[in-house]
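Enquirer: Before we start, here is the structure in question, set down as structure tokens.
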Amino acid sequence: MNKNILQKIALAILLLLSTIGFSQVKQARIVEDFNKNWNFKLGDYPLAPQKDFNAADWRVLQLPHDWSIEGAFDKDSKTKQAQGFLPAGIGWYRKTFKLLASWKSKNVSVEFDGVFKNSEVFINGHSLGIRPNGYISFSYEFSKYLNFGQENIIAVKVDNDAQPNSRWYTGSGIYRNVRLVVTEKLHVDEWGTFVITPEISKEKASVRLEVDLKNASENEKEFRLVSSILDKNNKEVAKVESTEKIAANSSLKKVQNFNVKNPKLWNTENPYLYKIVTKIYEKAQLTDNYETPLGIRYFNFDAEKGFSLNGKPMKILGVCLHHDNGALGAVENIHAVKRKLVLMKEMGVNAIRMSHNPHSLEMMQLCDEMGFIVQDEAFDVWKKKKVTNDYHKDWDAWHKKDLKDFIRRDRNHPSVMMWSIGNEIREQFDSTGIAITRELAKIVKSLDTTRPVTSALTENIIEKNFIYQSGALDLLGFNYKHEDYKDFPTRFKGQKIIASESVSALETRGHYDFPSDGIKAWPPKHNAPFDGNADWTVSAFDNVKSYWGATHEENWKTIKKQDFMAGTFIWTGFDYIGEPDPYPYPARSSYFGIVDLAGFPKDVYYMYQSEWTTKPVLHIFPHWNWKKDQEVDVWAYYNNADEVELFLNGKSLGKKAKQNDDLHISWRVKFEPGTLKAISRKNGKVVLEKEIHTAGEAFKIDLKADKKEIKNDTYDLVYVTVSITDKEGNLLPNANDLINFEVSGGGKLVGVDNGYQANLDSFKANSCKLFNGKCIAIVQSNGKKESIQLKASTGNLQVALIEVEVQ
Ligand code: GAL
């Protein structure tokens, strides 16, 4: 047989195996992607769950999906400014599917990672239930309603109509992944394991695994429960097995204890992961296999010494992140999340606060794999509202279940080291806060005692803070008010403390106002108008802050000195959609990010890099295209050097060095076009050199893809940075040309953005205006195994083309 035919046969077998039902050949538990081929329509269609409902005119799409991001910005939108003026409303999803007739004896569940919000799921006309919370993961076991071997109809109503319901952009729809999980009647339950590591030494780690088993059959079952710990190379390092019995229609909890010899510890630099594979055998037949991630690490919060991981003192250098993925909206995509986390890692971030709600499975998994410490957060409101239609409406009926499900889903992630039961909760200001805090802490402790319970508080006067007075917090989180930190060790004697939220400074990437000295607070007094720029920009010199916050430098200088402080979470790592304070419409996304919404770092990113990493940094800014003789402030962030010398067109403008606790140096320079060059030196030896050139006439469109190839899986993404350069390749820092895109081959354009907070063009357009010289085009695999061509054109410039391979 020739090679070609063999390849075709192999491909055919692979295709066959990938259709629902054939993966059972390989393993007992079947987990299928259930995102494809859904129909969707905006509006309310109560008859959509019925079989004979005609959905012929419904759009066909692949989940995850967010309909808000596809809509137009509207000043009068019910979602208001907090959600970026994008639409919400009601939408329905519907899908027909078939399962093998031979699965009749199985247990089939559908798992939703997140639906915003108020979902109701129907299978073949039966309602499976509602779930108001838009951030919670949930599932339904629906075998008894399924027609095996025949067509089934699943329909999902999503009701995000009651607005406003959030203080930031939420998105609308089934915006996270959906899976179908098929097991035998006897199986490990949903989120059915819990692993802890009670003792860890250099020689040995003890590992305790709890397994929740479920027997949904009418018969008692005898089975073997076998769990193995595998190291990173899938080598078995420990194994425990036992023979068990479980009654018909019942649940059973089993505990398995292991020892791992010479354990490799998980930490933020080397996040070593083991996994535990739990198998059920009925006679010789493997009937379930379930994986639990395992990271072996220990940590401690100390009232005087702050935080330590595996016995090593360190500061938690964190950022708060909201869940949106910029131009993709709330659509969750592992590649988008990874891009964000890579940028954070390179900046020196070692921790993420999941603001202010449960995040996706992908986010949690990547934090484990990439070495981020996680503050996992459940709520932004309890019983008392922040906005008219927020979660306070669901509190009474749902908070217990939501909190439990959140902990059960996330408690096996080694990255999680704090449970936050709430952000800036209103009940901290009145005595009702005491009972609720105790209730929530108790729920958390009933499911996990290995991590401290915390809450992000604003009030640091003991008598006024009832959440604190409950005595139920293990770790005190304080938001802002950095000037007060120095008093905390005496005020909160013996208490463990973290700056759960800090900074809230404002910046627009690539925009500079002079002079750069002097700090401006917004608003100077509460509710006073912001004396800002007519184009809704804010200078990127880290000198504009919210009145409750601090500049990045003010905050870090303070935190750095407080040994008792476990660390800080900066508000925020990235700009996010919504909360565009301090400006009104048309501003529609936030100014707080260290990185803009498109993923371009603002200058202060390099301040952190110079402080939070050991790699040599020399970053000078602003750009070098100004008016002749204009006074321009030039700032430098640097490390690993004693001084920096600045040159303009070869002439030295002097050497400077940071004094005392300075975090940057600066020069005031009369602008002349040419080359600005900085050299950092240590003991007289050059460490780094940086040059910025005045850019001339536009010559060419420059396209840079963040990957050379992507997978043809309909999910993978490539981010292409677009700019215009002069003949010498210098980026034009003020270019604002409209760039048109055309994509052909194995990809499609799924989002564009330039990071400008007041840009009202659609994130879904086929064009994007450069903002301060840059924009991004996001291209996704469309499933074809053809290379992708992205063409970019504007005005008279030659059309630019970039090719990305598809694997
Ligand atoms: C905090 C709040 C955040 C965000 C931030 C903006 O008080 O916790 O969610 O609103 O202010 O500065």
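Enquirer: For segment 52-68, state whether one or more residues are touching a residue at least 12 places away in the same chain (Cβ under 8 Å), more than 29 Å from the chain's Cα centre (by Cα) and outside any loop (DSSP other than H, G, I, E, B).
Expert: Within segment 52-68 (the criterion being touching a residue at least 12 places away in the same chain (Cβ under 8 Å), more than 29 Å from the chain's Cα centre (by Cα) and outside any loop (DSSP other than H, G, I, E, B)), the answer is no, since none of the residues qualifies.
Enquirer: Turning to a different aspect of this structure: For segment 278-287, indicate whether the set of residues that are in contact with an Asp or Glu (Cβ under 6 Å, 6 or more places away or on another chain), closer than 22 Å to VAL31 by Cα, assigned to a strand (DSSP E or B) and among the charged types (D, E, K, R) is non-empty.
Expert: no
Condition check ((1) open to solvent by less than 40 Å² (accessible area, probe 1.4 Å); (2) touching a strand residue (DSSP E or B) at 6+ places or on another chain (Cβ under 9 Å); (3) under 20 Å from ILE276 (Cα atoms)) across all residues:
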position: THR183; (1), (2), (3): yes, yes, yes
position: PHE194; (1), (2), (3): yes, yes, yes
position: SER206; (1), (2), (3): yes, yes, yes
position: GLU210; (1), (2), (3): yes, yes, yes
position: SER227; (1), (2), (3): yes, yes, yes
position: ASP231; (1), (2), (3): yes, yes, yes
position: ALA238; (1), (2), (3): yes, yes, yes
position: ILE246; (1), (2), (3): yes, yes, no
position: VAL255; (1), (2), (3): no, yes, yes
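Enquirer: Is it true that some residue in segment 374-384 is farther than 17 Å from LEU440 by Cβ and either more than 16 Å from the ligand (Cβ to nearest atom) or out of contact with any helix residue (DSSP H, G or I) (no Cβ under 9 Å at 6 or more places or on another chain) (or both)?
Expert: Yes, some residue in segment 374-384 is farther than 17 Å from LEU440 by Cβ and either more than 16 Å from the ligand (Cβ to nearest atom) or out of contact with any helix residue (DSSP H, G or I) (no Cβ under 9 Å at 6 or more places or on another chain) (or both).
Enquirer: Shifting gears a bit: Among the residues of segment 88-130, count how many are over 29 Å from the mean Cα position of the chain (by Cα), within 28 Å of ASP288 (Cβ to Cβ), of a type in the set (Gly, Ala, Ser) and part of a strand (DSSP E or B).
Expert: So the count comes out to 0.
Enquirer: Would you confirm whether any residue within segment 642-651 is open to solvent by 70 Å² or more (accessible area, probe 1.4 Å), modelled with pLDDT of 95 or more and within 20 Å of GLY518 (Cα to Cα)?
Expert: Among the residues of segment 642-651, not one is open to solvent by 70 Å² or more (accessible area, probe 1.4 Å), modelled with pLDDT of 95 or more and within 20 Å of GLY518 (Cα to Cα), which makes the answer no.
Enquirer: Also, I was wondering about something else. Test TYR298 against the criterion of being surrounded by fewer than 19 Cβ atoms within 10 Å (Cβ to Cβ), farther than 25 Å from LYS496 by Cα and in contact with a Gly (Cβ under 9 Å, 6 or more places away or on another chain), and give yes or no.
Expert: no
Enquirer: Looking at segment 792-805, which of its residues are touching a Ser or Thr at 6+ places or on another chain (Cβ under 8 Å) and either at pLDDT below 95 or farther than 28 Å from LEU63 by Cβ (or both)?
Expert: The answer is VAL799, ALA800, GLU803.
Enquirer: Follow-up. Take segment 508-525 and flag every residue that is closer than 16 Å to PRO601 by Cβ and touching a Phe, Trp or Tyr at 6+ places or on another chain (Cβ under 6 Å).
Expert: The answer is ARG509, and nothing else.
Enquirer: Name the single residue, out of those in segment 659-677 being outside any strand (DSSP E or B) and open to solvent by less than 50 Å² (accessible area, probe 1.4 Å), that is farthest from THR551 (Cα to Cα).
Expert: Among them, the one singled out is GLY674.
Enquirer: Please work out which one of (1) within 25 Å of the chain's Cα centre (by Cα); (2) in contact (Cβ under 8 Å) with a residue 12 or more places away in the chain; (3) surrounded by fewer than 21 Cβ atoms within 10 Å (Cβ to Cβ) is the condition LYS401 fails and give its number.
Expert: (2)
Enquirer: Taking the condition modelled with pLDDT of 95 or more and within 23 Å of GLU803 (Cα to Cα), does LEU688 pass?
Expert: So LEU688 does not fit the description; no.
Conditions tested, residue by residue: (1) more than 11 Å from the ligand (Cβ to nearest atom); (2) not aromatic (Phe, Trp, Tyr).
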{"site": "THR558", "(1), (2)": "yes, yes"}
{"site": "PHE569", "(1), (2)": "no, no"}
{"site": "GLY578", "(1), (2)": "no, yes"}
{"site": "ASP581", "(1), (2)": "no, yes"}
{"site": "ARG588", "(1), (2)": "yes, yes"}
{"site": "PHE592", "(1), (2)": "no, no"}
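Enquirer: Count, please, the residues in segment 337-369 that happen to be within 16 Å of the ligand (Cβ to nearest atom) and either closer than 23 Å to PHE112 by Cα or modelled with pLDDT under 95 (or both).
Expert: The qualifying residues number 7.
Enquirer: May I pose another question? Which ranges mark the strands (runs of 3 or more DSSP E) fully within segment 429-540 that have 2 or more residues being within 16 Å of the ligand (Cβ to nearest atom) and buried (at least 21 other Cβ atoms within 10 Å of the Cβ)?
Expert: 453-457, 475-479, 497-503
Enquirer: Going through segment 308-346 one residue at a time, which ones are assigned to a loop (DSSP other than H, G, I, E, B), free of Cβ contacts under 8 Å to residues at least 24 places away in the same chain and on the phi < 0 side of the Ramachandran plot?
Expert: Within segment 308-346, ASN325 is the sole residue that qualifies.
Enquirer: Return the residues of segment 601-637 that are under 24 Å from ASP324 (Cβ atoms), assigned to a loop (DSSP other than H, G, I, E, B) and open to solvent by less than 10 Å² (accessible area, probe 1.4 Å); say none if nothing qualifies.
Expert: LYS602
The values are calculated or read from the model by the stated rules, or taken from the named source; none is laboratory data. Since the structure is predicted, the reported quantities are computational estimates derived from the model, not experimental observations. No Cβ is skipped: glycine too gets one built from the backbone with ideal geometry, and neighbour counts run over all protein chains shown. Each accessible area value is taken on the protein alone, full model and side chains, heavy atoms only, with ligands, DNA and RNA left out. Shrake-Rupley method; radii C 1.70, N 1.55, O 1.52, S 1.80 Å.
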